[in-house]
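None of the figures in this text is laboratory data; all of them are computed from the coordinates on show. It should be emphasised that the depicted structure is a prediction, and the values quoted were computed from it without experimental measurement. No Cβ is skipped: glycine too gets one built from the backbone with ideal geometry, and neighbour counts run over all protein chains shown.
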Amino acid sequence: MTVSNLIPLLPAEELARRRRRAESQWPEIWSLLDAVMDPEIPVISLYELGVLQDVEVRDGVVVLTMTPTYIGCPALQIMEEDARAVLATAGYPVVEVNISLSPAWTTAWLTTAAREKLTRYGVAAPRERTDKVSCPQCGSSDVSVVSEFGSTACKALYRCGNCLEPFDLLKAI
Amino acid sequence: MTANDPLLTYCLRLGDDALILGHRLSEWTSRAPFLEEDIALTNVALDFIGRARLFYQYAAELQGGDATEDTFAYTRDVRDFTNLLICELPRGDFAFTIARQFLYDSYALLFMQQLKASQDARLAAIGAKAEKESRYHVRRGREWMLRLGGGTEESHARLQQAMDDLWGYTDEIFEVDAVAAALIAEGVAVDPAGLREEWHATVSSVLAEATLRQPSPGWAVDGGRRGIHTDDLGFLLAELQFMQRAYPGLQW
């Protein structure tokens, strides 16, 4: 077993993001936002997805930094509204959301736990290094691509040759 | 609308390419040959319209005043648009749409790879995001090229026809005018002329794989970057801008 199997290798920007959370002066706001899920994959939070990049409070205003998954993703607006609603309920009515494009979002930021949640939800998790795809229902690798685009821009549509079920893959980008 | 700032002019060009091509793709929604393809074309349209928004948002900041992304999309007339002509041609049949996407996306991928190294941090960030999406677009386009080119006599003939019809519009993609040249010199803009060889190599190899004949150059048109367009753009804008023209300032 090589080291990379024991310790997941993280992109530097993801390490920096996790550090921002760990060292944040506002841990309760990060925790509150853990309740905000991706509207299309409602088992993954904005933090787990990598969309929530930073949380700060300046002069009583909560400033969130978010990054889009795909440029044209219409879910970003819903995510923003959901985050505002959660914060408003918890006593933070004034929220500013900054959209940051850089560093560009990548599925490499997804945690192992998030990948397992995806699979349990029925969406195959991306594998950045191998491009291998397994069926989230039965685990078979006898799969074929039906369409490069599934129900949303971030997913591709696959079919399993073993259990014959169709499934979505969160594309590795 | 005057744009004396070269960077503003440049952003509008890139935004116009993305908006107009995105709109053409969106016309396929509910009309594509089958459901998966309908969803795919709509998703690609969304990628391009998202790109347009990023360039227009930046342009609005550069212009200042009351300008927003919508100002550029909805309140300019045909002659103010500076997209490449290849982006505005009517969607045609499915082969034409695939051929255009393949020609354009092959260029866009190379372009975005370079844009991400721009001296302008904002353009570089857009380039880095768009590159990832373009990579998918090219891969998908290549697969369709092979399937249609090597498919039936009918699909092969239609794809060849589309290539022949489109080829003369590709010349304009690689043109450099004074605005672009100045920004290229500053390391802000991408030099499209430098991408031509690699673009040609990619396109030629896929054409060969798809058993298609390379169209023989013999004609070329330009004008898009100067606001000289085909008749088709006016009709496109009439549809795209209708609501804002009829009810200025309308909100959803």
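Side notes on the structure shown:
- Amide H partners (placed H, <5 Å) of A:PHE167, local residues excluded: A:TYR158, A:ARG159, A:CYS160
- Other protein chain Cβ atoms within 10 Å, averaged over every residue that makes up B:189-197: 0
- With a simple spin-label model that places each label point 7 Å from the Cα along the Cα-to-Cβ direction, the separation between B:SER205 and A:LYS132 comes to 2.7 nm.
- Working note: 222 nm ellipticity from helices only, DSSP H runs with n ≥ 4, each -39,500 (n - 2.57), summed and divided by the residues of chain B, gives -21000 deg cm²/dmol to the nearest 500.
- In the protein assembly as shown, taking the dipole from charged Cβ atoms about the Cα centre, the farthest positive-side position among B:TYR247, A:THR130, B:ALA125 is held by A:THR130.
- Within chain A, the cysteines lacking any other cysteine Cβ closer than 4.7 Å to their own Cβ are A:CYS73, A:CYS154.
- Neighbour counts of C-beta atoms inside 10 Å place A:THR130, B:THR68 in the sequence A:THR130, B:THR68, starting with the fewest.
- Loop-exposed trypsin sites (Lys or Arg not before Pro) per DSSP, neighbour cap 11 Cβ within 10 angstrom, longest uninterrupted part of chain A: A:1-128
- Amide H contacts of A:GLN53 (H built 1.01 Å from N, under 5 Å, at least 5 apart or other chain): A:THR65, A:MET66, A:THR67
- Within 10 Å of each Cβ in A:61-69, the average number of Cβ atoms from other chains: 1
- Longest site-free stretch - chain B; sites: trypsin sites (Lys or Arg not before Pro), DSSP loop, at most 14 other Cβ within 10 Å: B:32-212
- Ranking of A:CYS138, B:CYS11, A:CYS73 by count of other Cβ atoms within 10 Å, fewest first: A:CYS138, A:CYS73, B:CYS11
- Amide H partners (placed H, <5 Å) of B:SER118, local residues excluded: B:ALA124
- The HN-Hα couplings worked out from phi for segment A:158-173 by the Karplus form 6.51 cos²θ - 1.76 cosθ + 1.60 (θ = phi - 60°) are 10, 9, 8, x, 8, 9, 6, 7, x, 7, 9, 10, 6, 5, 6, 9 Hz, whole numbers, x standing for Gly and Pro.
- Per residue of B:41-50, other chain Cβ atoms within 10 Å of the residue Cβ number 5 on average.
- All C-alpha to C-alpha distances of segment B:1-135, sorted into 10 Å bins beginning at zero, yield P(r) values of 12, 43, 34, 11, 1 percent in whole numbers.
- The phi-based Karplus calculation (6.51 cos²θ - 1.76 cosθ + 1.60; θ = phi - 60°) puts the 3J(HN,Hα) values of segment A:95-106 at 10, 10, 10, 9, 9, 10, 8, 10, x, 5, 4, 9 Hz, whole numbers, x for Gly and Pro.
- Within chain A, helix-based [θ] at 222 nm, where runs of 4 or more DSSP H residues each add -39,500 (n - 2.57), nearest 500: -8000 deg cm²/dmol
- Neighbour cut-off at most 16 other Cβ (10 Å), DSSP loop, chymotrypsin sites (Phe, Trp or Tyr not before Pro), segment A:1-99: none
- Applying both filters, DSSP loop and at most 13 other Cβ atoms within 10 Å, to the GluC sites (Glu not before Pro) of segment A:1-82 gives A:GLU23.
- Label-reachable residues, segment B:143-173, where backbone N falls under 19 Å from a point 7 Å from A:SER144's Cα toward its Cβ: B:143-152
- This ranking places B:PHE96, B:PHE235, B:PHE48 by how few other beta-carbon atoms lie within 10 Å of each, fewest first, which gives B:PHE235, B:PHE96, B:PHE48.
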